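This report concerns only the one structure given below.
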Amino acid sequence: MPEIRIDPLTGLRAVVADARAARPGGELHPGPAPRTDPADDPFAEGHEANTPPEVYAVRPDGSAADGPGWQVRVFPNMYPVLTADSPAPAASATPDLFWAGPASGAHEVIVNAPGPVASLGELSPEQLALAVDVWRERMRAHAGSACVHVCVNERIEAGSSIAHTHAQLFALDFVPAAIARERERFGAYAGRTMGGNLLADLVQQEVRQRQRIVAIDRDAVLMAPYGSRAAYQLMIAPRTPRSRFEDDGPTGAALLHDALGRLTRLLGASPPLNLWVRTAPRGAEHFCWRIDILPRLAQPAGLELGTGVGVTIVAPEHAAAELRDA
């Protein structure tokens, strides 16, 4: 029977409804990812002139900026959501009803590899680890922001307009409401438990129960979240809690590579997905970083969009069991 769960980190409700997987159209097998012609790939090595000038790159041989010879490359988004010089809109006579402010901040593209690779999971473990290190380096570069959000969108179903694997960084001058709510839940939990860390204690209990654990290595834990909002949703959390992803310590890159490989083997193709790095925002006294992986195997419908209640047709316990064997 369906049941409602509350995600302990976000406070959001989700319905776990396994039986809906049997309805017509409930299949969860993505087709192969479309490929970009290398000649038309604006992010490929040798096409640097098609992007804005780079602000950071890993160039082990000391090659010149904005030319070939890089392993990971970063540049401002050509069509930014946020800009450092965003002008202030005209003041409203009724700001309680019609408030607007400048879209200040930074919006960067981090190209994860020079070759024409569509999915992060297709990279070698070493290349993926290098890319994740650059994500962290760019987060450090924007340490003065109220909130830094790094995400990866793969395939058009998940919002990607260019197939070449890349991440995006958003440096915000405010803390979005969803992240502020997580900050509050971490703080409230610490107050109730005399300093306990919400995610660290959650990981400890999940490891004891084992039901939703997919894999563990020396640095991190891969699990299907208790309050999953989508089929085969995954989370990577450090074994030793650390508030900020950008601080020194493990990044979970090896388990991220493992997770993406398991999803591909289980589903028969690299799925459309969104993943993001959650790190402590401004004002967080208690927090722990994590990486969320959200496959986009079904479109959200009226219930999800109209109420904010997630629906998953694969229980996290079943998803974890399947992925352990993948």
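Annotations
- Charge-dipole axis of the chain as Lys and Arg at +1 and Asp and Glu at -1 on Cβ define it, positive-most pick from 209, 53, 280: 209
- In a fully extended conformation the segment linking residue 239 and residue 83 would gain 52.6 nm over its present Cα-Cα distance, using 0.36 nm per residue.
- 10 Å binning of all Cα-Cα separations within the stretch 192-303, expressed as whole percents from 0 upward: 13, 44, 32, 10, 1
- Residues whose amide H falls under 5 Å from that of residue 214, counting only those 5 or more places apart or on a different chain, are 222, 223, 224, with hydrogens built in the peptide plane.
- Accessible area in square angstrom per residue, the chain, 1.4 angstrom probe: 47 Å²
- Long-range HN-HN contacts of residue 242 with modeled amide H, under 5 Å: 289
- Protein accessible area in the chain, 1.4 Å probe - carbon and sulfur %: 55 percent
- With an a/c value under 1.5 for the gyration tensor axes a ≥ b ≥ c computed over the alpha-carbon atoms, the chain is described as rounded.
- Kyte-Doolittle at least -1.0, axis length at least 15 Å by Cα - qualifying DSSP helices, the chain: 125-141, 177-192, 198-209, 253-267
- Two-site FRET efficiency, residue 174 against residue 216, from Cβ-Cβ distance with R₀ of 35 Å, rounded to 0.05: 0.45
- Considering only 98, 152, 117, the residue lying farthest towards the positive end of the dipole of the stretch 1-155 is 98, judged by Cα position with unit charges set on Cβ.
- Rounded to the nearest whole Hz, the Karplus-based 3J(HN,Hα) values (6.51 cos²θ - 1.76 cosθ + 1.60, θ = phi - 60°) of the stretch 47-62 follow the sequence 10, 4, 5, 7, 10, x, x, 5, 10, 6, 7, 9, 10, x, 9, x, with x at glycine and proline.
- Dividing the summed -39500 (n - 2.57) terms of all DSSP H runs of n ≥ 4 by the residue count of the chain sets its mean residue ellipticity at 222 nm at -7500 deg cm²/dmol.
- Taking a point 7 Å out from the Cα of residue 193 in the direction of its Cβ, the residues of the stretch 208-235 whose backbone N falls within less than 15 Å of it are 208-209, 226.
- Overall size of the stretch 127-237 from C-alpha positions, given as principal axis extents largest first: 43, 32, 27 Å.
- Backbone N under 16 Å from the residue 285 label point (7 Å along Cα→Cβ), restricted to the stretch 171-194: 183-194
- The HN-Hα couplings worked out from phi for the stretch 220-230 by the Karplus form 6.51 cos²θ - 1.76 cosθ + 1.60 (θ = phi - 60°) are 8, 10, 10, 9, 8, x, 4, x, 3, 9, 8 Hz, whole numbers, x standing for Gly and Pro.
The values are calculated or read from the model by the stated rules, or taken from the named source; none is laboratory data. The structure displayed is predicted, hence computed values, not measured ones. So basically every Cβ, Gly included, is an ideal-geometry build from the backbone, and we count neighbours across all protein chains shown. SASA here: full protein model, heavy atoms, side chains in, ligands and nucleic acids out. Shrake-Rupley method; radii C 1.70, N 1.55, O 1.52, S 1.80 Å.
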